[in-house]
Structure formats: C-alpha cells, structure tokens
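Written out below as structure tokens is the structure these notes cover.
The values are calculated or read from the model by the stated rules, or taken from the named source; none is laboratory data. Note that the coordinates shown come from a computational prediction; the quantities given were computed from them, not determined experimentally. In this analysis, Cβ positions are derived from the backbone assuming ideal geometry, glycine residues included, and neighbour counts consider all displayed protein chains. Heavy atoms of the whole protein, side chains included, go into the accessibility calculation; ligands, DNA and RNA do not. Shrake-Rupley method; radii C 1.70, N 1.55, O 1.52, S 1.80 Å.
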Amino acid sequence: MAGGRTSDLEPSAVVKVFSAGTAGCVADVTTFPLDTAKVRLQSLSEVQNAKYRGVFGTIVTIGKTEGPRNLYNGLLAGLQRQLCFSSIRIGLYDTMKQLYSHTGLGTRLLAGGTTGALAVALAQPTDVVKVRFQAQIQLPENASLKRYSSTIDAYKTIAKNEGVRGLWKGCLLNITRNSMVNCSELVTYDVIKELILKNHLMTDNMPCHFTAALAGGFCTTVVTSPVDVVKTRFMNSVPGQYGGAVNCALTMLVKEGPSAFYKGFMASFLRMVSWNIVMFVSYEQIKRAVVRFQRESPEL
C-alpha cells in the first residue's frame, strides 16, 4: 500500500501475505454476527424476512430464537476462507502492481481485479460452506432443520449431493463480485491513504488507516451490493432452483423488484465498514510488527 515509512524495512510479499491472512481472520471474528445478519437478510424472501427487523433486530432475533452461538455459524469456514482469500487478494496486491510496472489508477484497478479473481478461484468452497451455514435456521427444539452438522460434513455433503462443482457454485459470479470488491476496496484505500499522506493531513498511522478504510468500505458496499445479494441467494439455493446466476437475478427482479438487490444494505454497509477498519488497521500493525521482529532478529 502507498505511503510506508522510509525508516521501516519494506515488507516482503511473504510478510504481506501472512499479515493479510491474519488480519482477515481478526476482522472476521470481530464482525461475524454482522455478516450473519447480512446473509440472512439477503438470502430470504420478503415473507421469510418478516420476522427480522433491521440489522440489530436480526442479530437479536437469531440470538433469542436460535441461541447466540448461531450468530457465529460458519465461522470456521469463514476463517479458512480468510486464510486463503485475504492473504492472496490483499497480500499480493502490491506485488501485482509492481508486476504491471505502472502506478496509475488503471494499474491499481487491474491489480485489484487480478488478485480478487485469483483468491476466489482458490477459496470458493470455503465461501459456499460459510454462506450455507449462515443462512440455515437452527431452532433448538428442532435439530432436524440443520442442513449440515459440521464444517467437514458440509464439504462432504455438498460434494456428495451436488458433485465437486457444488463446492464451486457461483464461482464466476463470486469472481465478478470480489474483483469489484477488490477494485473498490483496495484501490479506494490505497488512493485515499496516498492523498492523505501526500497532503500531510495525517501521518502514516492508525487515524490515517481508519479514515482510508472507512472510505473503502463505503465505496465497496455501494458498488457491490447487487452482485453480493445475487451471490448469496444463488450459493444458498437448492440444486435446480435457479438456471444460473443470471436466472437468479432475473427471478429476483421479477418477483421482488429492483429493491431486492439492495436487501440487507445497512447490514452490508456496517459489516463492510467495520470489517475494513479492523482488517486494514490490523494489517498495517501486523506488517510493522513482523518487520520490526525481522529487523531485531536478523539471524532468523
């Protein structure tokens, strides 16, 4: 990312990949209930959604009717996803920029799109399992409603019932969505941080990282919400429910209207902004801690 301190050693690609994956896990643990609320609001129809009232109402309802632990359904798959996903899409972003040999906005967008697509191609099964867990309603008095009993069971059941392709369900849609996420999130963060430092508005520290992450989260939510809703619906659908991602989007448009594409927007916004802030602040601090450790322990 732009604006590193000259007194620091430049973090290697390995350090950035490690720091990004770790920071992604920290952010997921911190904001997972918001993500669960977002998935629930996005994946259900208007009739099914009637019992959920807004972001925090959804969190309270899930906690009361299904138990607080269900707010963290799919967390293990989410952490597996971050270790694969954030480490690549964020950790390799600077490396990809250098590979394209330019520093303009177009190169940043291209680098963000490339690492986003590559990360999805590798991490897609973890995303499918995470969404399935978060969307399933588990009532304490009716355990039979559970779709999967564990993360491992989810991987096995999906592969058995839907084939290996089931684990990559919605992959092209997810590549589109996450390329857009990377372009809006990383590039906005990168550009805003660079402008702040260039104009000496802040130093390269937490307030600067917080401000750039906030801007990136807002831009990302506005740009990607429609694709995110379709992705969630399609990933969570039973085999044969939709003829494909485009059919899923058209079905939503016909049956629920254009507003369906912004279902759970406030949950998406709160989750994306809070996730961005925690992730980028953690990422910058972890990077510096690792570089500091390397500098103080050169023999390792």
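For region 1-52, give me the residue count where each residue is closer than 25 Å to V238 by Cβ and at pLDDT below 70.
Looking only at that region, the number is 9.
Given the condition open to solvent by 30 Å² or more (accessible area, probe 1.4 Å), assigned to a helix (DSSP H, G or I) and without any contact (Cβ under 8 Å) to a residue 40 or more places away in the chain, answer yes or no: does some residue in region 163-177 qualify?
The answer is yes, given that some residue of region 163-177 is open to solvent by 30 Å² or more (accessible area, probe 1.4 Å), assigned to a helix (DSSP H, G or I) and without any contact (Cβ under 8 Å) to a residue 40 or more places away in the chain.
With the requirement that a residue be under 23 Å from the mean Cα position of the chain (by Cα) and among the polar types (S, T, N, Q), what does region 209-257 give you?
T211, T220, T221, T224, S225, T232, N236, S237
Would a scan of region 122-140 turn up a residue that is open to solvent by 50 Å² or more (accessible area, probe 1.4 Å) and either among the aromatic types (F, W, Y) or in a helix (DSSP H, G or I) (or both)?
yes
Among the residues in region 237-247, are any part of a helix (DSSP H, G or I) and surrounded by fewer than 19 Cβ atoms within 10 Å (Cβ to Cβ)?
Taking every residue of region 237-247 in turn, at least one turns out to be part of a helix (DSSP H, G or I) and surrounded by fewer than 19 Cβ atoms within 10 Å (Cβ to Cβ).
Being at pLDDT below 90, of a type in the set (A, V, I, L, M, F, W, C) and in contact with a Lys or Arg (Cβ under 8 Å, 6 or more places away or on another chain) narrows it down to one of M266, M252, M235, so name that one.
The match here is M235.
One residue is enough: does region 130-145 have a residue meeting the conditions at pLDDT below 90, within 30 Å of R233 (Cβ to Cβ) and in contact with a strand residue (DSSP E or B) (Cβ under 8 Å, 6 or more places away or on another chain)?
Among the residues of region 130-145, at least one is at pLDDT below 90, within 30 Å of R233 (Cβ to Cβ) and in contact with a strand residue (DSSP E or B) (Cβ under 8 Å, 6 or more places away or on another chain), which makes the answer yes.
Being crowded, with 19+ Cβ neighbours inside 10 Å and over 17 Å from the mean Cα position of the chain (by Cα) is the filter; apply it to region 264-287 and report the residue that is nearest to A213 (Cα to Cα).
The qualifying residue nearest to A213 (Cα to Cα) is E284.
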